[in-house]
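Reviewing the structure listed below.
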Amino acid sequence: MNKVKEVLKRIGEYVWECFKGSFMSGFTYVLASMILLMLTIKDGAKYSEQMTWCVVVIVLALAYNGLLTWNYGSTNFEMLVSGNMKRMSMEKFGTEYKISSHKYVKEYRIWKGFAMGAFCVVIPLIVALFFGANAEEINRVALGEGTMDKGKGIAVLIGLFFSGWTILPFYCMNMAGLTVSYYFSLLIAVLPVFVSGGTYIWGAYAKRAKNIRAQELADRAMQAEANKPKKINYGGLPGTKPKKRK
């Protein structure tokens with residue numbers, strides 16, 4: 001029973017750690033949605049202009065998400081190195097090397113970046129399904145050809161606020177007379193999973209390569225120092241220093 005509790009506790013710690021790691025990325029996408037709302041849902045906005053802004057904002061949001069998780073991968077790899085040092089110390093000497101900054105759940109794991117990305121896509125997936133299921137009603141109201149009950153209207157506003165970066169491209173298409181299913185926004189919604197997972201791994205391997213290069217440079221410096229001819233100290237006594245050959 002204690003073993004089960006320990007496993008559940010560790011799982012909970014991992015879930016919380018990944019959620020914290022996804023928070024800034026999730027906030028980035030909310031901010032992107034707010035910016036897109038201001039740029040696309042305004043009087044006189046042209047369709048080409050709307051789609052251009054959608055592409056630019058989505059790419060920038062994904063890029064910043066990638067930068068954040070790249071940094072997480074780098075720092076988590078350092079934590080893995082610290083953890084390996086502690087485990088090796090325990091195996092060889094029977095005592096654990098004390099590293100106060102080390103936390104097991106912060107160590108690099110190949111799946112953690114994908115988990116962080118998964119937290120970012122929960123709301124966009126729900127919003128995509130809601131818009132897809134109510135597409136006709138949403139489009140009619142947006143075009144001024146119908147009404148919607150208050151509950152759904154609030155849900156639409158919340159969806160655009162939190163997940164406008166995935167929905168607005170297709171919303172603009174439908175407002176321009178193109179009939180495009182909102183379910184296609186699912187393809188955009190899942191992008192953070194792959195971006196976060198890929199850049200997290202990239203960040204870890206970049207840190208590993210940097211550490212290897214630093215170690216190689218240190219080894220070369222030590223080898224060069226060892227190969228230098230050593231100077232003999234004769235003590236400055238007369239007749240103890242060999243005469244130079246002419």
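The values are calculated or read from the model by the stated rules, or taken from the named source; none is laboratory data. Quick caveat, the model's predicted, so the values are computed rather than measured. Here the Cβ positions follow ideal geometry from the backbone for every residue, glycine too, while neighbour counts run over all protein chains shown.
Output the residue which, of all residues in region 1-47 that are surrounded by 12 or more Cβ atoms within 10 Å (Cβ to Cβ) and of a type in the set (Gly, Ala, Ser), is nearest to residue 106 (Cα to Cα).
Here the answer is 21.
Is it true that some residue in region 58-66 is surrounded by fewer than 12 Cβ atoms within 10 Å (Cβ to Cβ), more than 27 Å from residue 173 (Cβ to Cβ) and under 18 Å from the mean Cα position of the chain (by Cα)? Break it down into steps so the answer makes sense when it comes.
Filtering region 58-66 for residues surrounded by fewer than 12 Cβ atoms within 10 Å (Cβ to Cβ) gives 59.
Remaining after also requiring more than 27 Å from residue 173 (Cβ to Cβ): none.
Scanning region 58-66, I find no residue that is surrounded by fewer than 12 Cβ atoms within 10 Å (Cβ to Cβ), more than 27 Å from residue 173 (Cβ to Cβ) and under 18 Å from the mean Cα position of the chain (by Cα), so the answer is no.
Please list, ordered by first then second residue, the pairs with beta carbon atoms under 6 Å, 6 or more apart or interchain, first in region 33-46 and under 19 Å from residue 127 (Cα atoms) and without any contact (Cβ under 8 Å) to a residue 24 or more places away in the chain, second of a type in the set (Val, Ile, Thr) and assigned to a helix (DSSP H, G or I).
35/57
Name the residue, out of 106, 98, that is within 15 Å of the chain's Cα centre (by Cα), modelled with pLDDT under 95 and not β-branched (Val, Ile, Thr).
Numbers: 98 fails: within 15 Å of the chain's Cα centre (by Cα).
Going through 106, 98 in turn, the sole match is 106.
Given (1) farther than 20 Å from residue 171 by Cβ; (2) over 25 Å from the mean Cα position of the chain (by Cα); (3) assigned to a helix (DSSP H, G or I), where does residue 130 come up short, assuming only one miss?
Of everything listed in (1) farther than 20 Å from residue 171 by Cβ; (2) over 25 Å from the mean Cα position of the chain (by Cα); (3) assigned to a helix (DSSP H, G or I), residue 130 misses just condition (1).
Specify the residue that is nearest to residue 27 (Cα to Cα); the eligible residues are those in region 205-232 that are among the charged types (D, E, K, R) and not in a helix (DSSP H, G or I).
Of the residues in region 205-232, the ones among the charged types (D, E, K, R) are 207-208, 210, 213, 216, 219-220, 225, 228, 230-231.
Going one step further and asking which of them are not in a helix (DSSP H, G or I), we end up with 228, 230-231.
Details: 228: 57, 230: 61, 231: 63 Å.
Ranking the qualifying residues of region 205-232, first place goes to 228.
Look through region 143-160, keep the residues that are among the aliphatic types (A, V, I, L, M) and surrounded by 14 or more Cβ atoms within 10 Å (Cβ to Cβ), and return whichever of them is nearest to residue 43 (Cα to Cα). Break it down into steps so the answer makes sense when it comes.
Going residue by residue through region 143-160, those that are among the aliphatic types (A, V, I, L, M) are 143, 148, 154-158, 160.
In the following step, the residues that additionally are surrounded by 14 or more Cβ atoms within 10 Å (Cβ to Cβ) were identified as 148, 155-156, 160.
Details: 148: 22, 155: 23, 156: 19, 160: 17 Å.
Ranking the candidates gives 160 first.
One line per residue, one yes/no per condition, for (1) surrounded by 22 or more Cβ atoms within 10 Å (Cβ to Cβ); (2) part of a helix (DSSP H, G or I); (3) of a type outside the set (D, E, K, R):
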residue	(1), (2), (3)
141	no, yes, yes
162	no, yes, yes
177	no, no, yes
203	yes, yes, yes
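Right, residue 73: more than 20 Å from residue 181 (Cα to Cα), small (Gly, Ala, Ser) and surrounded by 14 or more Cβ atoms within 10 Å (Cβ to Cβ) or not? Reasoning before the result, please.
Working: more than 20 Å from residue 181 (Cα to Cα): yes; small (Gly, Ala, Ser): yes; surrounded by 14 or more Cβ atoms within 10 Å (Cβ to Cβ): yes.
So residue 73 fits the description; yes.
In region 179-195, what residues are touching a residue at least 12 places away in the same chain (Cβ under 8 Å), assigned to a helix (DSSP H, G or I) and either surrounded by fewer than 19 Cβ atoms within 10 Å (Cβ to Cβ) or of a type in the set (A, V, I, L, M, F, W, C) (or both)? If you could, list the steps in order and put the result at the bottom.
Our first condition is that a residue be touching a residue at least 12 places away in the same chain (Cβ under 8 Å); within region 179-195, this holds for 181-186, 188-195.
Filter once more, so that each one left must be assigned to a helix (DSSP H, G or I): 182-186, 188-189, 191-195.
Passing the criteria: 183, 184, 186, 188, 189, 191, 193, 194, 195.
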